[in-house]
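Structure record follows, encoded as structure tokens.
The values are calculated or read from the model by the stated rules, or taken from the named source; none is laboratory data. Note that this is a predicted model, so its numbers are computed, not measured. Here the Cβ is made from the backbone with ideal geometry for all residues, glycine too, and neighbour counts use every protein chain on show. Remember, those area values only see protein heavy atoms, side chains included, never the ligands or the DNA or RNA. Shrake-Rupley method; radii C 1.70, N 1.55, O 1.52, S 1.80 Å.
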Amino acid sequence: MNVIPFNDLSRDSLEHRHAYQHALDEVIQSGWYISGPHVSSFCEQFARYLAVRSCIGVGNGTDALEIGLRALEVGLGDEVITVANAGGYSSTAIALVGAIPVYVDINEHDHLMNVELVSAALTKKTKAVIATHLYGSCVNMQRLIEITSTAGIPILEDCAQAHGAEVPVNGCLHKAGASGTLGAFSFYPTKNLGCFGDGGALVTQDEQLAQTCCSLARYGWRHKRYMVSDAKGRNSRLDEVQAAMLLEKLPRLDAGNERRREILQRYVHAVSSNEDVLMLQADDKRGVAHLAVARTQDRVHFQAYCDHKRIQTAIHYPILDHHQSGFSPIRVGSDLEVSERTNSQITSLPCFPTLAEEEVTYVCDALSRYRLSWNP
Ligand SMILES: *Cc1c(COP(=O)(O)O)cnc(C)c1O
């Protein structure tokens, strides 16, 4: 077996090369490269897919988080509750608006925010909660909404790893991004819905909030061009080329997600009687398996084993936010025991839609045979 790549975007690109080239050519010929028909059409279709009222294209996922926080009027000295194990994107956005991240711990089985810890972390300064749907699985939105709504605290969903994931709220299934106050998406190439560069979006059911996001991402021009109505506006846009590519990819998102789920389930099954490795998995099966994350006692050993088997791995994420020297000030809102203990145990395995059947079988075989006693 050749090396099993952690990801290989060229497989999809080559398979659909002509469609992408055609879409690109259309944009080139149109002479319209920013805020044109492809962006409008993509935002309309993505909003329909998610069943939300509005979708605003922005430059990337981190901009979406930052602009989202500003639209929620989070500013200097305010607190935003989030988790420490999600790669630092929330902390970056929180720092950019001058606010303070407050970290709560994660669940043992899925490494998502333990929402039961949110109440105790609330203070008079709390202005928002960022719920990161990590690895493709959704935070318990039902409980989080119950906990935050009495305090009137808005929820910003970070959906950068969860395009198309579903979460039950009040007996109805909602797409990730549709049940919070705002949803932030990234279309970075490796995401479940990715473009050929940077891209992002904000989604909401709230028309007022949509207009504020739109203005903040367009220099603060709320009412008309060149008239600055909102302070702290900036420029952050999805462009026509990226939107044209996303329009090609959106119809295949569900099939890609289904394949990812299938691969994750194969890995889960492969380790079901192996006590030396565990696959993270949310309770329900409505996640979109952005990443397949294994947990082992000795990660250095496990990665050496994968290396030996020529299976590429990665770590999401190697450093917890509250241990990063670049994030300050911060506050710890609960004991972070699970985050701390598991941080050195996680390894991400290849999980992307174009992974071939024999590659999946090969990884399954390697996973089922892994032993802590293995010697190279
Ligand atoms: C990728 C990602 C982001 C940031 O997206 P960019 O487009 O790279 O800025 C934010 N949050 C999470 C959870 C991500 O995985």
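Running a GNM on the chain with Cα contacts under 10 Å, which residue among Pro350, Pro154, Pro329 ends up with the highest mean-square fluctuation?
Pro329
Note down the net charge around Cys138, summing +1 for each Lys or Arg and -1 for each Asp or Glu among other residues with Cβ under 9 Å from its Cβ.
Net charge in that neighbourhood comes out at -2.
When the label point is put 7 Å from the Cα of Arg341 along its Cα-to-beta-carbon vector, which residues of the range 108-122 have a backbone N closer than 15 Å?
Only 108-112, 114 fall inside the zone, counting backbone N under 15 Å.
Can you give me the pair-distance distribution of the range 242-331, C-alpha pairs, 5 Å bins, whole percents?
Values per bin, smallest distances first: 3, 11, 15, 17, 15, 14, 13, 10, 3, 0.
With labels modelled as points extended 7 Å from the Cα through the Cβ direction, what inter-label distance (nm, one decimal) is found for Leu372 paired with Val332?
2.6 nm
Got the relative contact order for the range 111-219 handy, in percent, Cα pairs under 8 Å and 6 or more residues apart?
Once divided by the residue count of the range 111-219, the mean separation gives 19 percent.
Where the centre of each part is set by its Cα atoms, how far does the range 200-261 sit from the range 118-190, in angstrom?
Answer, in whole Å: 18.
Where q = 0.21 Å⁻¹, what log10 of I(q)/I(0) comes from the Debye formula for the range 295-358, counting one point per Cα?
-0.92
Rounded to a whole number of µm²/s, how large is the Stokes-Einstein D of the range 103-205 at 20 °C and 1.002 mPa s, given Rh as the Kirkwood radius over C-alpha pairs?
153 µm²/s
Check the cysteines of the chain one by one and keep only those with no other cysteine Cβ under 4.7 Å from their own.
Cys138, Cys159, Cys172, Cys195, Cys213, Cys214, Cys306, Cys351, Cys364
Sorted by accessible area (1.4 Å probe), largest first, how do Tyr362, Tyr135 line up?
Values: Tyr362 65, Tyr135 15 Å².
Correct descending sequence by accessible area is Tyr362, Tyr135.
Give me Rg over Rh for the range 178-250, both radii from the alpha carbons and Rh done the Kirkwood way, two decimal places.
Details: Rg = 13.6 Å, Rh = 13.3 Å.
Answer for the range 178-250: 1.02.
In nm, to one decimal, how far is the modelled label at Leu76 from the one at Glu357, with both set 7 Å along Cα→Cβ?
Label at Leu76, label at Glu357, 6.2 nm between them.
List the residues of the range 221-260 whose backbone N lies under 19 Å from a point placed 7 Å from the Cα of Lys285 along the Cα-to-Cβ direction.
In the range 221-260, the label zone of Lys285 (backbone N under 19 Å from the point 7 Å along Cα→Cβ) covers 254-260.
Could you sort the peptides 36-45, 249-258 by per-residue average Cβ neighbour count (10 Å cutoff), highest mean leading?
Most protected by this proxy first, the peptides run 36-45, 249-258.
Can you tell me the equivalent ellipsoid semi-axes for the chain? Use √(5λ) from the Cα gyration tensor, largest first, whole Å.
Over the Cα atoms of the chain, the semi-axes work out to 33, 27, 17 Å.
Tell me the net charge near Gly77. Cut-off is 12 Å between Cβ atoms, Gly77 excluded, with +1 for each Lys or Arg and -1 for each Asp or Glu.
+2
Can you tell me which of Val293, Val104, Val332 moves the most in a GNM of the chain? Springs connect C-alpha atoms under 10 Å apart.
Val332
Mean separation of Cα pairs under 8 Å and 6+ residues apart, divided by the residue count of the chain: what relative contact order is that in percent?
On the way: 809 pairs, mean separation 85.8, N = 376.
In percent, rounded to a whole number, it is 23.
Keeping every protein chain present and rolling a 1.4 Å probe, give me the accessible area per residue for the range 115-199 in Å². Let's see the in-between values first.
Details: 2860 Å² over 85 residues.
Value for the range 115-199: 34 Å² per residue.
Using a Gaussian network model on the chain with a 10 Å cutoff between Cα atoms, which of Cys213, Cys172, Cys138 fluctuates the most?
Its mean-square fluctuation being the largest, the pick is Cys172.
To the nearest 10 square angstrom, how much accessible area does Leu9 have with a 1.4 angstrom probe?
Number for this one is 80 Å².
Suppose all protein chains stay in the model; what accessible area per residue would a 1.4 Å probe give for the range 231-354, in Å²?
Numbers: 5680 Å² over 124 residues.
Accessible area per residue: 46 Å².
If you average the C-alpha positions of the range 63-102 and of the range 298-376 separately, how far apart do those two centres end up, in angstrom?
Here the answer is 26 Å between Cα centres.
What part of the accessible area of the chain, given as a whole %, is carbon or sulfur when the probe is 1.4 angstrom?
51 percent
Hey, can you grab everything whose amide H is under 5 Å from the amide H of Tyr219? Only 5+ residues off in sequence or another chain; H modelled, so Pro and N-termini drop out.
Arg234, Asn235, Ser236
Greater than 24 Å separation of Cα atoms is the criterion. Which listed pairs, Lys125/Lys175; Lys249/Lys309; Lys125/Lys285; Lys124/Lys191; Lys127/Lys232, meet it?
From the list (Lys125/Lys175; Lys249/Lys309; Lys125/Lys285; Lys124/Lys191; Lys127/Lys232), the Cα-Cα distance tops 24 Å for Lys125/Lys175; Lys249/Lys309; Lys125/Lys285; Lys124/Lys191.
Of Ile263, Ile319, Ile145, which has the most accessible area and how do the rest follow, probe 1.4 Å?
Ile319, Ile145, Ile263
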